[in-house]
Every structure is written in structure tokens, then in C-alpha cells.
1. Among the candidates Lys116, Lys110, which residue alone is over 20 Å from the mean Cα position of the chain (by Cα), modelled with pLDDT under 90 and exposed (fewer than 10 other Cβ atoms within 10 Å of the Cβ)?
2. Determine which member of the set Ala23, Ala16, Ala60, Ala27 is of a type outside the set (Ser, Thr, Tyr), touching a residue at least 24 places away in the same chain (Cβ under 8 Å) and not assigned by TED's automatic domain parsing to the domain that holds Gly129.
3. Within the range 63-79, which residues are part of a helix (DSSP H, G or I), surrounded by 12 or more Cβ atoms within 10 Å (Cβ to Cβ) and either aromatic (Phe, Trp, Tyr) or without any contact (Cβ under 8 Å) to a residue 12 or more places away in the chain (or both)?
4. Looking only at helices (runs of 4 or more DSSP H) that fall completely inside the range 96-178, which ones have 1 or more residues that are out of contact with any helix residue (DSSP H, G or I) (no Cβ under 6 Å at 6 or more places or on another chain), over 28 Å from Ile28 (Cα atoms) and not assigned by TED's automatic domain parsing to the domain that holds Ala48?
5. Specify the residue that is modelled with the highest pLDDT; the eligible residues are those in the range 136-178 that are more than 19 Å from Leu34 (Cβ to Cβ) and polar (S, T, N, Q).
6. Which of (1) of a type in the set (A, V, I, L, M, F, W, C); (2) within 24 Å of Met177 (Cβ to Cβ); (3) part of a helix (DSSP H, G or I) is the odd one out, the single condition Trp50 does not satisfy?
7. Would it be correct to say that Ala52 is surrounded by fewer than 18 Cβ atoms within 10 Å (Cβ to Cβ) and farther than 18 Å from Ala135 by Cβ?
8. Of all the residues that make up the range 110-147, how many are farther than 19 Å from Thr45 by Cα and not aromatic (Phe, Trp, Tyr)?
Amino acid sequence: MNFTNSPLYKKIFKDAWSYWTGAILLAILNTAMLAISGKAWGITTTFAYWGAWISKLFGADVSGWDFFQIEANAKALSQSAFTNTGSVQNIGIILGALLATLLASQFKIKKLKSYKQVIAAALGGLLMGYGARIAFGCNIGAFFSGVASMSLHGWIYAVFIFLGAWIGSKLLVRYFMT
């Protein structure tokens, strides 16, 4: 029997989940993340650690950087990508997204339509990364964990992330969907 044709497989891996299912699972995962790691769910700080670990491989001394004068960040320098909790979480997210895409038979390598698309993607990624660092978090750390803990910064972030998404969608349609 081919299990990929079973109704249960189709319901779990192929069909889109309801918003309620996604919200409940995210709430459970967020609570578990806090219980296991002792800190709110975050993503982007670990990217700074990855950059530092790679820089160290090439001989750079990053311990003098202002970012690593903060005790928690300095501690991360002595860890590796496989011993740092945030790094393991990020690796799990990446591998989990790949696995989900493969199981749903949705993995595709798309041909680039134009260099305009590449420039827009690179610029958008840089702006999102910069914004995530100055906001001390991305949509997970600053928004999801902030709102879940009823922090004012999470609610302010929510207003501006939706405003930014609205402006971004207007720019996308106007300049890049032609």
C-alpha cells in the first residue's frame, strides 16, 4: 500500500491547515520553547552568532565587538551551532520547513524572471535583516513572543509590521509584478 495516497497523509501533509490549527500549534510550541530554553522564542540573534562563528573560522576576533560585550552574547561565542539553543531551533525550523515542503510535494526550483526580481529580493532581505536587528527581533521574537507576553513593544511592532507589509505589497504590485 502506498501511504502517500491515504486520507490521513493527505489531511496532515498535503492539505492546508486551518488558521485555528496553526494558531494552537504555534501557541503550544511557543510555550514549550519557553519551558525548555527559559527564554522567549527568537530567530535573528542566532544569525549574528552564526556570522561570528564563521568569522572566527577565518581568524577574526569578534570578542571585542560591542554586540559581544553583552553577557548572553559573549557566552554564545564559546558555544557552537549544535550546542546553542537558538541555533538548534533555527536549524530545526529550516529542516522542518524543508521536510514539510518535501512531504507535501511542493518543493520547486523556480527560474528567475528578471534581475529586477533578484535586486528586489536582495534589497528586501537586507532591509528585513536590518529592521530585525534594530527592533531586537523579527516577527517571531519581537511580534509573536512580544504579543504573547503582553509586552507593549510587541503591539507597537504589530502595527508597524502590518503597515510595512501593506506598503511592501503595494510596491511589489506596482514595480515587480509586470
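The values are calculated or read from the model by the stated rules, or taken from the named source; none is laboratory data. Predicted model, so just to flag it, every value in this text is computed and none were measured. Cβ placement follows ideal geometry from the backbone for every residue including glycine, while neighbour counts extend to all protein chains displayed.
1. Every option except Lys110 fails the conditions.
2. Only one candidate passes the filter, namely Ala27.
3. Answer for the range 63-79, where residues must be part of a helix (DSSP H, G or I), surrounded by 12 or more Cβ atoms within 10 Å (Cβ to Cβ) and either aromatic (Phe, Trp, Tyr) or without any contact (Cβ under 8 Å) to a residue 12 or more places away in the chain (or both): Phe67, Phe68, Ala74.
4. It comes to 115-134, 152-171.
5. That would be Ser169.
6. Among (1) of a type in the set (A, V, I, L, M, F, W, C); (2) within 24 Å of Met177 (Cβ to Cβ); (3) part of a helix (DSSP H, G or I), Trp50 violates only (2).
7. In short, no.
8. Result for the range 110-147: 13.
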